[in-house]
1. Tell me, in nm to one decimal, what length is gained between THR67 and ALA84 on full extension, where the rule is 0.36 nm per residue of separation less the Cα-Cα distance?
2. Measuring from label point to label point, each 7 Å out along Cα→Cβ, what is the ILE15 to ARG40 span in nm?
3. Most mobile of LYS150, LYS26, LYS127 per a Gaussian network model of the chain (Cα springs, under 10 Å)?
4. Let me check I have the definition right: for the chain, take the eigenvalues of the Cα gyration tensor, multiply each by 5, take square roots. What are those semi-axes in whole Å, largest first?
5. Restrict the search to segment 69-117; then list the trypsin sites (Lys or Arg not before Pro) that DSSP places in a loop and that have at most 10 other Cβ atoms within 10 Å of their Cβ.
6. Out of all DSSP beta bridges in the chain, what portion is antiparallel? Express it as a percent rounded to 5.
7. Can you give me the distance in nm between label points at VAL8 and SER110, each placed 7 Å from the Cα along the Cα-to-Cβ direction?
8. Defining a contact as two alpha carbons under 8 Å apart and six or more residues distant in sequence, what relative contact order in percent does the chain show?
Amino acid sequence: MARKLEFVTNIAILIVAALASVVLVKNYLSQRTTRDMPQRIAIGTKLSVPGIDWGVNGNTLVLALSTNCHYCTESSPFYRRLSAELPRQRVHLTALLPENVEEGAKYVRSLGLQVSDVRQGSFQGLKIRGTPTLMLVDERGLVRFVWEGKLSAETEQQVIDTVLATPPSGFPTPTGP
């Protein structure tokens, strides 16, 4: 009788261990599903930021940053390079932060960035999943290209090449990430 009880106990332990493993893998080790991820701003989305007249700006490269984002701070050399290389008459560089405009402007200045405008916006409302995010927006306010996160050197060059290749009015069909 003791052997049967020991056998049943061992089987029960194996079943509980297997179930615990399945739950662990499902909840912690598997990738998050698309439903769990916040929606990403889609190419072709009309971007609505109070105070920005996209038609006057023409092409605008929007830097979605946050004062609490260390990747934004680490990416500041690239943003300074962008502001130096982008022709001001063709592309406006605008900083968009969730913090108030004064705090955002102070942060942008501390990074040594020269931007055309600093604005406050709701990232959730604009479907910006995280910072930093760069968006190339046309004169109608349509998002044409999106780059998210801290960019590799190769992707940084792709951003510059894409922006410089974009005609002053109108965009080629987006093929960017």
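The values are calculated or read from the model by the stated rules, or taken from the named source; none is laboratory data. The structure displayed is predicted, hence computed values, not measured ones. Note that we place each Cβ from the backbone using ideal geometry, even for glycine, and neighbour counts take in every protein chain shown. Areas reflect the complete protein model, heavy atoms only, side chains present, ligands, DNA and RNA absent. Shrake-Rupley method; radii C 1.70, N 1.55, O 1.52, S 1.80 Å.
1. Full-extension gain reported as 3.9 nm.
2. Result: 4.4 nm between the two label points.
3. Result for the chain, Cα springs under 10 Å: LYS26 fluctuates most.
4. After scaling each eigenvalue by five and taking roots: 47, 17, 15 Å.
5. Listed in order of number, the matching sites are ARG88.
6. That works out to approximately 50 percent antiparallel.
7. Result: 6.7 nm between the two label points.
8. 28 percent
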